[in-house]
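The structure appears right after this line, and notes come after that.
Any read-out appearing in this document is the output of simple, stated calculations on the displayed coordinates, not a laboratory observation. From a predicted model like this one, the values you see are computed outputs, not experimental measurements. Glycine gets a Cβ as well: all are built from the backbone with ideal geometry, and neighbour counts include every protein chain shown.
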Amino acid sequence: MKYSLPFCVVAAAGCLLVHAAEPAKSGKKEVRGAPIQKLAPPPTNAAPTTAESKAPAPGAVQKDGDFLIVGFDRLASFNYDVPDEAPVGTNKTVKVEAPKEQIPPAVKAFDKQRVALKGFMLPLKVEGGLITELLIMRDQSMCCYGTVPKINEWVSVKMTGKGVKPIMDQAVTLYGKLHVGEIRENGYLVGIYQMDGERIAGPLDL
C-alpha cells in the first residue's frame, strides 16, 4: 500500500531539488538531490491497539469479580424435550426417555461454576422472615400471572447462609454455584438447573 506524504514535506523536498538543479556559477555540472524515499507500509501482523485488545470476543463470558455473568439468554437458548412420565404404584414411574445429551456443551460448561444470574425471585421456603429456598426465573409473568415456564427458564436455589430478604416484582442478581444436569425427585424430572445461593443483589433492570 502506498502512502502520500504531507504537502509541506513534498513542497520542501521540491525546493531542494530546484535549488540543487540550478547550475553553479563556477561552471561545475549540476548536482541533483537524492530521490525521495517511499514510506514503508505498516506490518500486517501489527499488534492491536489497547482498545482492540480489551474488546471481548463474540460470545465471550464476562465476569463480576469471581463470578461468571450468565443470563437466561444462554441457559434457555435451546429446546429441551421433557420425557413423559406416569406413576405406577408407590415411588415408581414408567419413563419414556427423552433424547440424551440435550443440554449443549456450552451450557454444560457452567456446571459447578460460580455464576451471577439475573432474574425474578419466586420464594419457596421462608424461615425467620428470610427466604431460604426459591426459584430464580427468566420472566416476571412466570412468578405472578400463571405463565408456564420451560424447564430451562428457571433455576432452583437453596441459600447456603441464613437466607435473603424477599424482593418481589423486580429483577435481582443471584450469586452462587450453579449445577447443570437432570434433577429428579421420586423418579420425576423436576428441573435441570440448581444453585447453591451465596448472596443476592438488586433490584436491577434486566
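Structure data summary
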| quantity | calculated |
| --- | --- |
| Nearest-0.05 FRET efficiency for Q62 and M168, computed from C-beta distance (R0 41 Å) | 0.90 |
| Protection proxy ranking of 160-171, 67-78 - average other beta-carbon atoms within 10 Å, highest first | 67-78, 160-171 |
| Gain upon complete extension [T160, V126; 0.36 nm per residue less C-alpha separation] | 10.9 nm |
| Net +/- balance of residues flanking E133 in space, Cβ distance below 10 Å, scoring K and R +1, D and E -1 | +1 |
